[in-house]
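Visitor: I have a structure here, written as structure tokens, and I will follow up with some questions on it.
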Amino acid sequence: MRRPQIRILMAVAAVAVLAGCSKSGGEAAAGATIKVGEFASLTGKEATFGVSSHEGTLLAVEELNAAGGVLGKKLELVYEDNRSTPGESLTIAKKLINNDKVIAILGEVASGRSLEVAPFAQSSRVPQISPSSTNPDVTKIGDYIFRVCFIDPFQGKLLAGFAKNTLKAQKVALFSDVAAPYSVGLGKFFKEAWLAGGGELVSEVKYTGGDKDFKAQLTVIKNAKPDAIMVPGYYTDVGLIVAQARQLGITVPMFGGDGWEAPELIQIAGAENLVNTYYSTHFSPSSTDPLAQKFVAAYKAKYSGKVPDAMAALGYDSVMVLADAIKRAGTTDEPKLRDAIAATKDFPGATGITTLDANRDASKSAVIITVKDGKFQYLETVAP
Amino acid sequence: MTELLQQLINGLALGAIYALIALGYTMVYGVLRFINFAHSDVFMVGAFAGYFLARAVPGGSALSGIAVLLGAMAICALLGVIIEKLAYRPLRGRSTLTVLITAIGVSLLLQNLGQRIFGANPRSFPSLFPVHQFHLGGVVISSAQILVFAVALVLLFALRHIVLHTRVGTAMRALSFNPVAASLVGINNDRIISFTFALGSALAAAGGILYASNYPSIDPLMGTLPGMKAFVAAVLGGIGNIAGAAFGGLALGLIETIVVAFGGSTYRDAVAFAVLILILLLRPEGLLGKRTAEKV
């Protein structure tokens, strides 16, 4: 062969080798199985969320299969990674529902990505259970969309109460991410509750998720002299925001919602910058509830001593709620399965008692976590 | 007043980083009349090189920081030479469009290789130099920002010295005037071009390390946006012009910060591209560039 042809052949071979698919897989068992789909952000900007919730989901599937499965059949989890990228989740959902023929789809943590898939799940009449999307719009898409966590009107209100009663703030600045429906929504609900409670909003500034430099906006906030700063964003951005705020000499408390929940938060911000910071979330591993303790022990056993976070616990509960509904329905056919999920009442899970209301949202307690000496610490519980 | 001063410092610090990256774009263009779109991804490789080198070198002191910086610059200089030899040299003499598309291809290759090798998750960049906040009146400057100014200035003058006062620099300038004539007077074009790429890539690596020192979250796609803004900065100042790159970088950093400070934070990226369109419409040779007439 002549040189250019060899080069072309080598190039094609290199491309073939590199063209692998993104992380995916299936937990298969021989014989008839119940296929459940999952889409999660296993890599990318919100990787921690996807990995945690996937680990919780996997633990639940294994536990159920070890106990004999559901309705005599083993659960088969078919999962794909959406790389925290918009657009991917819908492609994955189409594959899971059309090709793999899953009977239900689990996902996602980020409200934006749940919203991406929900219309398709609804029109395909496949129940979608989101483990931890908190924006209320997700379940408004249709009656086949469920969630096992609390929603942002509750979270916004509890954070407003926390700022007023515990942080003793009167003037707050709001710094939200315009690119994430979660952040916009939580910011809005916080603002409503805060103003209704008589508080003053001295500054309202925006950023775009993925930005690295926040000093300009933080300087504006600093100038408005707030008593506390609310940042309802995701951990990758929040880490940089808190670090830069502290570097600019802003010492007031900074707080946010469950988007902060990630061990990476401490790495990105630096433990020395995470002083006077708080966030609300769904679950604390130091909970004394026996079911929570059982979950924590099982999770640690499976994942080499790693301590589970809220996303893992909710991932676990999403599977357990689904399995319970399948048992009650006695089938995986629609609309019986959908009705059974909607009828979930007083179901005991790792994150507490789950009852789905008329909007298919769960009403659960929240916990407030703070960071001390580079470690997350439970502060208080807020009931609905 | 202090707010204005603080925003000024924020803008200049941001601008200094853009200036550093823009130097690489402008230099390669100045010598080769070619926009190296893979520059932003060499910037990314530089940041990752710094990340891994920092683990190998026991750190925290200024000396170890400089060692990591120089190490990353050396690695990227080598990368630049390899890219030039494999992707651009075989296309020497072809139309500029061909080489441009190849450059975009190299950029995509580096990004996706990065995602494959390093994973797509953002990583936390360690602090290479001791970090300190200086409070002057009501204004805060971080040592990382001062570092950017210092290193950018040093590299700017070093580059200027190389280009104006050394043999290699003279050869580079000769090449930019007329490649054929340059080879006729005994200049080894291939060597000089490799050197130009090595130099530009080293500057990209320095930019990557300083960027990561200020915004310590690195991922394989981190180069795209800063690279594009640095390109705009280079065009703004006058592409091919070293002083232009520095000026354009600072100007763009200030413009971006002012827009954000006035509440337009969602438009911060759009502003850079609006500037690009405006400058190409109104003064395409850049603010410090000279309009060259085509003599027929």
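Visitor: Give me the Kirkwood hydrodynamic radius of the protein assembly as shown in Å, from all C-alpha pairs, to one decimal place?
Guide: Hydrodynamic radius (Kirkwood, Cα pairs) of the protein assembly as shown is 27.0 Å.
Visitor: Taking neighbour Cβ counts within 10 Å as the exposure measure, how do A:H282, B:H165 sort from fewest upward?
Guide: B:H165, A:H282
Visitor: Hey, what do the phi angles of the range B:141-157 turn into as Karplus ³J(HN,Hα) couplings, whole Hz, using 6.51/-1.76/1.60 and θ = phi - 60°, x for Gly and Pro?
Guide: My calculation for the range B:141-157 gives 10, 8, 4, 5, 5, 4, 4, 4, 4, 4, 5, 4, 4, 4, 5, 4, 5 Hz in order.
Visitor: Provide a whole-number value for the mean count of partner chain Cβ atoms within 10 Å of the Cβ atoms in peptide A:36-49.
Guide: Taking all residues of A:36-49 together, the mean is 2.
Visitor: If you don't mind, there's one more thing I want to ask. Note the angle between two axes, namely the Cα long axis of helix A:152-165 and the longest principal axis of the Cα atoms of chain A, as a number of degrees from 0 to 90, rounded to the nearest 10.
Guide: The angle comes out at about 30 degrees.
Visitor: Picking from B:G15, B:G264, B:G169, which is most flexible by a Gaussian network model of chain B using Cα springs under 10 Å?
Guide: So, out of B:G15, B:G264, B:G169, the one fluctuating most is B:G264.
Visitor: Quickly rank B:65-75, B:243-253 as a protection proxy: mean count of other C-beta atoms within 10 Å, highest first.
Guide: B:243-253, B:65-75
Visitor: On to the next question. To test your reading of the geometry: what angle, between 0 and 90 degrees and rounded to tens, separates the Cα axis of helix B:167-177 from the longest principal axis of chain B?
Guide: So the inclination is approximately 70 degrees.
Visitor: Here's another thing I want to ask about it. Which far-off residues, 5 or more places away or on another chain, put their amide H under 5 Å from the one on A:L379, with H placed in the peptide plane?
Guide: Residues meeting the criterion, in which the H sits 1.01 Å from N, are A:I368, A:I369, A:T370.
Visitor: Under a 10 Å cutoff between Cα atoms, tell me which one of B:I141, B:I193, B:I35 has the largest fluctuation in the Gaussian network model of chain B.
Guide: B:I141
Visitor: Can you find, among B:G11, B:F247, A:F283, the residue farthest towards the positive end of the dipole of the protein assembly as shown? Put +1 on the C-beta of Lys and Arg, -1 on that of Asp and Glu.
Guide: Ranked along the dipole, the leading option is B:F247.
Visitor: What are the ³J(HN,Hα) values, in whole Hz, obtained from phi via the Karplus relation 6.51 cos²θ - 1.76 cosθ + 1.60 with θ = phi - 60°, for each residue of the range A:137-148 in sequence order, with x given for Gly and Pro?
Guide: 4, 4, 7, 5, 4, x, 7, 9, 10, 10, 8, 10
Visitor: Let me ask another. Per residue of A:205-213, count partner chain C-beta atoms within 10 Å of its C-beta, then hand back the mean as an integer.
Guide: So the per-residue partner count for this stretch is 6.
Visitor: Note the per residue figure in Å³ for the convex hull of the C-alpha positions in chain A.
Guide: Spelled out: Cα convex hull of chain A, divided by residues, is 163 Å³.
Visitor: Hey, what did chain A get for relative contact order, percent, Cα under 8 Å, at least 6 apart? Please list the in-between numbers first.
Guide: Working: 805 pairs, mean separation 61.2, N = 384.
About 16 percent, as a whole number.
Visitor: Something else now. Quick one: 3J(HN,Hα) in Hz for the range B:215-228, Karplus 6.51/-1.76/1.60 with θ = phi - 60°, rounded, Gly and Pro as x.
Guide: Each residue of the range B:215-228 in turn: 10, x, 10, 10, 8, x, 9, 5, x, 4, 6, x, x, 5 Hz.
Visitor: Using the number of other C-beta atoms within 10 angstrom as an exposure proxy, rank A:H54, B:H39 with the fewest first.
Guide: Arranged by neighbour count, lowest to highest, A:H54, B:H39 become A:H54, B:H39.
Visitor: Kindly rank A:155-166, A:297-308, A:131-142 from highest to lowest mean number of other beta carbons found within 10 Å of each residue.
Guide: Averaged packing, sorted descending, gives the order A:131-142, A:155-166, A:297-308.
Visitor: Report the full-extension gain for the segment B:L113 to B:Q133: residue separation times 0.36 nm, less the Cα-Cα distance, to one decimal in nm.
Guide: 3.5 nm
Visitor: Placing unit charges on C-beta atoms (Lys and Arg positive, Asp and Glu negative, everything else neutral), compute the dipole magnitude of chain B about its Cα centre in debye, rounded to 20.
Guide: For chain B, the charge dipole is close to 760 debye.
Visitor: Let me ask another. A 22 angstrom limit on the alpha carbon distance is what I want to check against. Which of A:K73/A:K327; A:K95/A:K306; A:K140/A:K212; A:K306/A:K364 exceed it?
Guide: Numbers: A:K73/A:K327 11 Å; A:K95/A:K306 32 Å; A:K140/A:K212 33 Å; A:K306/A:K364 25 Å.
Beyond 22 Å between Cα atoms: A:K95/A:K306; A:K140/A:K212; A:K306/A:K364.
Visitor: Under the definition of partner shielding as Cβ atoms of other protein chains within 10 Å of a residue Cβ, what is the mean value for peptide B:260-273?
Guide: Whole-number average of other-chain Cβ neighbours for B:260-273 is 4.
Visitor: Skipping prolines and chain starts, which residues have an amide H placed within reach, meaning under 5 Å, of the one on A:G256, given they are 5 or more residues away or on another chain?
Guide: A:V231, A:Y278, A:Y279, A:S280
Visitor: Follow-up question, since we're still on this one. Could you give P(r) for chain B, binned at 5 Å from zero, as whole percent values over all Cα-Cα pairs?
Guide: In whole percents, the pair-distance histogram is 1, 6, 11, 16, 18, 18, 14, 8, 5, 2, 1, 0, 0.
Visitor: Starting with the fewest neighbours, write out B:V151, A:V102, A:V231 ranked by other beta-carbon atoms found within 10 Å of each beta-carbon.
Guide: Result, fewest neighbours first: B:V151, A:V102, A:V231.
Visitor: State to the nearest 20 debye the size of the charge dipole of chain A about its Cα centre, where the only charges are +1 on K and R beta carbons and -1 on D and E beta carbons.
Guide: The dipole magnitude comes to about 640 debye.
Here, each number is a calculation from the coordinates, and none is a lab measurement. Just so you know, these numbers come straight off a predicted model, no measurement behind them. Please note: Cβ atoms are built from the backbone with ideal geometry, for glycine as well, and neighbour counts cover all protein chains shown.
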